[in-house]
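The structure under discussion appears below in the form of structure tokens.
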Amino acid sequence: RAAREAAARHALAQTQARLVLAGRMASVGTLAAGVAHEINNPLAFVITNVDAAIRRIASLDRRSNASRSGPWGRAHGDGRAPSSELSEVLSLLEDAREGAERVRLIVRDLHTFSRAEDDRRGPVDVRRVLDSCVHMAMNEIRHRARVVRSFDEVPPVEANEPRLAQVFLNLIVNAAQAIPEGLAEQNEIELSTRCDAAGQVVVGVRDTGAGIAPEALGRIFDPFYTSKEEGEGLGLGLAICHSIVTALGGQIEVESRPGEGSTFRVVLPAARTGEARAPAAPGDGAPRWSREGGGLAATEQQAAPRQRILIIDDEPLLTRAIAGTLEPRHQTTATASARDALARIRAGERYDAILCDLMMPDMTGMDFYASLAELAPEQQRRVVFLTGGAFTERSKAFLQQVDARLLLKPFDAATLLSLVDEVVASR
Ligand SMILES: Nc1ncnc2c1ncn2[C@@H]1O[C@H](COP(=O)(O)OP(=O)(O)O)[C@@H](O)[C@H]1O
Ligand SMILES: [Mg+2]
């Protein structure tokens, strides 16, 4: 009886530790979502402004090349041609744009790991999740191994994305930790995706590290089994992977040779619909997600007449950046309050497009949209919601219901301009 009691106590202690860890991960996820959201607003106006500056300088540069006698034709004290100076400024801005783009990708990765408390499943592209995980683990990997991707075309799997990311991240970090530091050129972590004969998706994480002794192979998925030093490993990583993967109806397998390396394979059923969350075609009723935009060329045309655009966002620097981008082509009105916007429309003002923040302190974009239904239904159809992405339950449900366009912050100038064009054209 004493032995049974000891075993029960041990099991209870393990469960408690797992719960504590799960709780901690959930709060880290919430924090990450909040941080990502806060960064998206300023990043949106950094990107929008830098894009606008790049376009203007590029056109100045073209003009100064065209006419040497114009205002830009004067020679400078240092004897450099003015156009070469403009080109330098341009390249500084392009570097800044590149930096902002990297921040945007980091924030996107953070997003993949947030929402840990949200259990909902949907079709997930495992390759995109693997890429995010590699970014997140790069500090662990860099000094130990090269990353090789062998991605076959695979259908999406039905999963909860943050949870799946947790699985892959655990496997990738374990792979890195099995490889000593310093010989990155000679070591490899290979990530692979393929389809098996049964149509399931197989994700492989292979390393050229220490490998696992045969007698340890049967225990590595046990909670608290670790071969790592005190403080370096809790021994929960693979146990968590195992429980997540089996909950998804999948399996996790391992193959290893001591001294040569290990391969972990996660087998997951493909999503039943076979449809990735591809951007919906215009007009099919689903919210349209725009982020990666069309090229600048189309947006440079000045031919179209100026349209009236209303911008509603409680972040004044963002409304200014948007107005700055649209102004040369369109006539913009900016306001920080949806209530004020509603008053303008009630007073009879009409707009060709309305860019509206989803979450605002006083009146939200959702309430604004609802009020428009009675006040001016034709204006309601011109609304594009702007959002930093950290959705509340209410906003998620709302976006699923309504047939409104959505622009994710941060967006670039080209995406903004082409979406405005699309709304203006949808008469
Ligand atoms: N890729 C790998 N190569 C060698 N050993 C591994 C690998 N992945 C896991 N292991 C072994 O499995 C054990 C348990 O892993 P895990 O559950 O992630 O816990 P932790 O990493 O905290 O030790 C590790 O301590 C290690 O001995
Ligand atoms: Mg681990």
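The values are calculated or read from the model by the stated rules, or taken from the named source; none is laboratory data. Remember, predicted model here, so these are calculated numbers, not experimental data. Using ideal geometry, Cβ is built from the backbone for each residue, glycine included, and neighbour counts are taken over all protein chains shown. These accessible areas exclude ligands, DNA and RNA; they are computed on the full protein's heavy atoms, side chains included. Shrake-Rupley method; radii C 1.70, N 1.55, O 1.52, S 1.80 Å.
Here r is the Cβ-Cβ distance between LEU234 and ASP340 and R0 is 51 Å; the resulting FRET efficiency, rounded to 0.05, is 0.45.
For the stretch 288-425, the dipole from Cβ point charges (+1 on Lys and Arg, -1 on Asp and Glu) about the Cα centre works out to 160 debye, to the nearest 20. Electrostatic bookkeeping for SER227 treats Lys and Arg as +1 and Asp and Glu as -1; over the other residues with beta carbon under 14 Å from its beta carbon, the sum is -3.
Here is the list for the stretch 314-380: trypsin sites (Lys or Arg not before Pro) lying in DSSP coil, each with at most 16 other C-beta atoms within 10 angstrom of its C-beta, are ARG350.
Take the convex hull of the alpha carbons in the stretch 126-268; its mean projected area over all directions comes to 8.3 nm².
For the stretch 288-425, with every protein chain kept in place, what is the accessible area per residue (1.4 Å probe, Å²)?
42
Within the stretch 288-425, DSSP assigns beta bridges of which about 0% are antiparallel (rounded to the nearest 5).
With a 1.4 Å probe and every protein chain kept in, tell me what percent of the accessible surface of the stretch 294-427 is carbon plus sulfur.
Numbers: 2930 of 5640 Å².
The C+S portion of the solvent-accessible surface of the stretch 294-427 is 52 percent.
Distances between placed amide hydrogens fall under 5 Å for THR332 paired with ILE309, all partners being 5 or more residues away or on another chain.
Residues of the stretch 126-268: accessible area per residue at 1.4 Å, in Å²? Let's see the in-between values first.
Working: 6680 Å² over 143 residues.
With all protein chains present, the stretch 126-268 gives 47 Å² per residue.
Backbone geometry of the stretch 394-403 corresponds, through the Karplus equation with coefficients 6.51, -1.76 and 1.60 at θ = phi - 60°, to 3J(HN,Hα) couplings of 5, 5, 4, 4, 4, 5, 5, 7, 8, 9 Hz, x marking Gly and Pro. Ordering VAL157, ALA247, LEU234 by Cα displacement along the dipole of the stretch 126-268 toward the positive end leaves VAL157 in first place; charges were set at the Cβ atoms of Lys, Arg (+1) and Asp, Glu (-1).
Arranged from highest to lowest average of other beta-carbon atoms within 10 Å per residue, in what order do the peptides 87-96, 139-148, 356-365 appear? The partial results should precede the final answer.
Numbers: 87-96: 13.9, 139-148: 16.7, 356-365: 19.1.
Highest mean packing first, the order is 356-365, 139-148, 87-96.
A cut-off of 5 Å between modelled amide H atoms, ignoring neighbours fewer than 5 places along the same chain, links ALA159 with GLY122, VAL124.
Treating only the Cβ of Lys, Arg, Asp and Glu as charged (+1, +1, -1, -1), what charge dipole size does the stretch 228-268 show about its Cα centre? Round to the nearest 20 debye.
Numbers: 3 positive and 6 negative charges, 40 e Å.
For the stretch 228-268, the charge dipole is close to 200 debye.
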